[in-house]
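K.L.:
First, the structure itself, so that you have it in front of you.
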Amino acid sequence: MTTTDRPEYYITTPIYYVNDAPHIGHCYSTLVADVAARFHRLAGKDVFFLTGTDEHADRVATTAAERGLTPIQWATQNAEAFKNAFESLGFTHADFIRTTEDRHTEKVTQYIAALESTGDIYLGDYVGWYDTSQDEYVTENTARENDYKSPVTGKPLEKRTEQNYFFRLSKYEKALLDHIEANPSFILPAARRNEVVGRIKQGLQDVPVSRAVDPSTPYADWGIKMPSDPNHRVYIWIDALFNYRSAIDTPDRNHYWPADVHVIGKDILWFHAVIWPAMLMALSIDLPKCIYAHSWWIREGRKMSKSLGNFIDFPTMQAYANEYALDTLKYFLITNGPASGTDADFAHAKFVEVANADLANGIGNAVSRVTNMINKYFDGKCPDPNGITQHESYNWPEIINKQRAQVEDALAKFDLPGAVRAALEISNQVDAYIHHTAPFKLAKDEANLPTVAAILYHCAEALRISATLLSPAIPEKARDILARLGVTDPIPNSLDAICAWAGAGGLKPGDHMTKGDALFPRIDPDAEPPVA
Ligand code: MSP
């Protein structure tokens with residue numbers, strides 16, 4: 001059932017471990033999904049954007065016990081921190097799912113029961129190397145590399161056997177390879193796809209999907225019980241992956257499936273590109289169209305870690321937003337982030353360089369030049385181009401169509417930096433146009449005023465479109481630019497309407513325009529970075 005006749009777009013983020021506090025990694029994954037969601041709304045889609053928290057980790061119950069809280073109290077407190085962070089970043093998710101909610105746990109129980117009934121989940125023996133000092137199994141490789149001692153404490157590992165429920169992953173090896181081959185954009189970027197294919201070809205083994213309940217631990221009752229066996233809890237990763245279904249598996253939402261994109265980080269690719277699709281195949285559910293795995297942020301050339309204390313935590317992000325505007329931060333993250341196969345450096349000098357080049361000297365300066373000239377020569381009223389759309393070598397409707405096509409091509413490839421660059425290029429062209437036609441010189445002779453009017457109308461109209469197409473990345477500043485240009489209507493959900501040159505939503509001669517303060521004040525490269 002569809003509720004609208006618009007095409008649907010369902011995009012998700014990973015659900016975040018609730019034991020942690022939000023940091024740049026979580027915010028970046030969510031920002032990527034937010035920017036994509038906003039772009040697809042502009043393109044007229046009926047977008048459903050999901051984020052949330054992953055709450056059934058054993059650590060949640062142990063930390064809660066240490067703090068004298070119940071696990072759910074501790075989880076709720078931290079889930080709130082994620083919700084607040086995402087709200088202050090202005091994210092536009094339609095729902096925030098928590099894996100401790102009944103709507104999720106009930107569905108997971110059903111999915112697992114269905115997998116048991118088809119024989120895709122079975123009871124078997126798990127043999128592995130157990131690190132008693134960390135209470136976890138380590139893989140055969142890790143055990144061997146560490147001489148069968150704990151990689152953390154050096155204590156000897158124990159070989160343990162336990163009964164576990166397994167998912168028959170091995171059965172789906174060929175089907176997965178076939179699907180990945182037949183759908184080149186199933187795993188993006190391409191480097192990540194090759195990695196996955198290489199690993200699948202080494203052979204797939206069945207994977208445990210449960211953990212035995214140990215009544216002596218604080219987490220004995222934390223998690224979802226296996227439907228057929230209350231002495232086992234569903235393994236947290238299996239529980240978590242199902243959020244993408246449980247959130248929309250209702251009569252009013254199931255039309256959003258299959259998901260268009262699961263945005264994730266490269267560290268969690270295997271679960272998303274192999275285990276999740278295989279479980280969906282076992283359940284005869286269509287696969288998501290794309291798993292997009294971004295790389296990682298590092299900071300000033302070094303990996304971020306708790307031990308180095310160099311994490312860009314949420315307070316640091318807020319310090320940047322307060323000092324330079326939230327949209328400047330978003331713009332930097334989205335255009336210079338780890339969107340492709342390689343990690344990206346959050347270097348302060350780079351941040352300043354990008355903000356100054358693209359925003360302060362780029363669109364910010366273009367808007368200020370154009371609104372200043374309109375104020376000076378036309379008394380702040382939108383000038384009349386008298387039907388002229390081309391001046392010298394600049395054919396504006398053509399320029400706009402070309403840039404719009406580039407935005408759309410980039411979106412089709414999930415290339416968000418490319419889409420943003422294509423939108424910003426319009427404002428760069430405005431700059432070049434002003435430089436080339438020099439309206440400030442022409443205006444010295446009154447006889448030229450009709451030409452100056454046409455030039456400045458072209459500039460302002462092009463900036464309207466540029467700002468609108470940039471709005472997914474810089475939503476607040478885009479609104480500000482539009483307000484200065486005299487546009488107060490909501491942004492239309494249609495690229496045709498947005499890009500129609502001097503069309504129904506275009507600038508109207510005579511409308512009032514304002515100059516305002518600098519939109520993106522130039523940042524002093526020598527100033528100290530802001531601290532939280
Ligand atoms: N709970 C699991 C996901 C379950 S999804 C069914 C999880 N959570 S997480 O909180 O640890 O991480 C979530 C995301 O943050 C991952 O996509 C991860 O890649 C991202 N990041 C964590 N640190 C990061 C950077 N330094 N840079 C960019 N993103 C990174 O994994």
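K.L.:
Among Leu469, Val531, Ile224, which residue has its Cα furthest toward the positive end of the charge dipole of the chain, with +1 on Lys/Arg Cβ and -1 on Asp/Glu Cβ?
P.N.:
Result: Leu469.
K.L.:
May I pose another question? Regarding region 203-242, what is the average projected area of its C-alpha convex hull, in nm²?
P.N.:
3.5 nm²
K.L.:
Students often check this: by mean Cβ neighbours within 10 Å, which of 151-164, 425-438, 472-485 ranks highest, and how do the rest follow?
P.N.:
472-485, 425-438, 151-164
K.L.:
What whole-number volume per residue, in cubic angstrom, does the convex hull of the C-alpha atoms of the chain give?
P.N.:
Per-residue hull volume (Cα only) is 162 Å³.
K.L.:
Considering the dipole of the chain built from charges on the beta carbon (Lys and Arg +1, Asp and Glu -1) around the Cα centre, which of Thr109, Pro184, Pro251 is farthest to its positive end?
P.N.:
Pro184
K.L.:
First compute the accessible area of region 193-240 with a 1.4 Å probe, then give the percent of it belonging to carbon and sulfur atoms.
P.N.:
Ligands and nucleic acids excluded, carbon and sulfur give 45 percent.
K.L.:
Could you work out the helix-only [θ] at 222 nm for the chain, with each DSSP H run of four or more residues adding -39,500 (n - 2.57) and the total divided by the number of residues, to the nearest 500 deg cm²/dmol?
P.N.:
After summing the helix terms and dividing by the residues of the chain, the value is -13500 deg cm²/dmol.
K.L.:
Here is a further query. Expressed as a fraction of 2.2 N^0.38 Å, the rule-of-thumb size for a compact globular protein of N residues, what is the C-alpha radius of gyration of region 373-469?
P.N.:
Relative to the 2.2 N^0.38 Å estimate, region 373-469 comes out at 1.17.
K.L.:
For the chain, give me the percentage of DSSP beta bridges that are antiparallel, rounded to the nearest 5 percent.
P.N.:
Just about 55 percent of them are antiparallel.
K.L.:
Follow-up question, since we're still on this one. Using alpha carbons only, what's the Rg to Rh ratio of region 126-255 with Rh from Kirkwood?
P.N.:
Rounded to two decimals, Rg/Rh equals 1.03.
K.L.:
Could I ask something else about it? Taking N as the number of residues in region 276-369, what value does Rg over Cα atoms divided by 2.2 N^0.38 Å take?
P.N.:
This ratio for region 276-369 stands at 1.46.
K.L.:
Quick check on region 414-532: take the gyration tensor over C-alpha atoms, sort the square-rooted eigenvalues as a ≥ b ≥ c, and tell me if it's rounded (a/c under 1.5), prolate or oblate.
P.N.:
Judged from the Cα gyration tensor, region 414-532 comes out oblate (a/c at least 1.5, b/c at or above a/b).
K.L.:
Pop out the ³J(HN,Hα) list for region 433-439 in order, Karplus 6.51 cos²θ - 1.76 cosθ + 1.60 with θ = phi - 60°, rounded to Hz; leave Gly and Pro as x.
P.N.:
For region 433-439, the Karplus curve yields 5, 5, 4, 6, 9, 6, x Hz.
K.L.:
Right, next: With only Lys, Arg, Asp and Glu charged, each at its Cβ (+1 for the first two, -1 for the last two), find how big the charge dipole of the chain is about the Cα centre; round to the nearest 20 debye.
P.N.:
640 debye
K.L.:
What does the accessible area per residue of region 472-532 come to in Å², with a 1.4 Å probe and no ligands, DNA or RNA counted?
P.N.:
I get 55 Å² per residue for region 472-532.
K.L.:
A follow-up question, please. In whole Å, what is the distance between the alpha-carbon centres of region 367-446 and region 278-310?
P.N.:
When both Cα centres are located, 38 Å separates them.
K.L.:
Return the whole-Å distance between the Cα centroid of region 177-192 and the Cα centroid of region 110-153.
P.N.:
Answer, in whole Å: 28.
K.L.:
Which of the residue pairs Lys266/Lys289; Lys45/Lys381; Lys225/Lys289; Lys201/Lys303; Lys149/Lys201 have a Cα-Cα distance greater than 23 Å in the structure shown?
P.N.:
Violating the 23 Å Cα-Cα cut-off are Lys45/Lys381; Lys225/Lys289; Lys201/Lys303; Lys149/Lys201.
The values are calculated or read from the model by the stated rules, or taken from the named source; none is laboratory data. Please read these numbers as outputs of a predicted model, since none were measured by experiment. Here the Cβ is made from the backbone with ideal geometry for all residues, glycine too, and neighbour counts use every protein chain on show. In case anyone asks, the SASA skips ligands and DNA or RNA and just uses the protein heavy atoms, side chains included. Shrake-Rupley method; radii C 1.70, N 1.55, O 1.52, S 1.80 Å.
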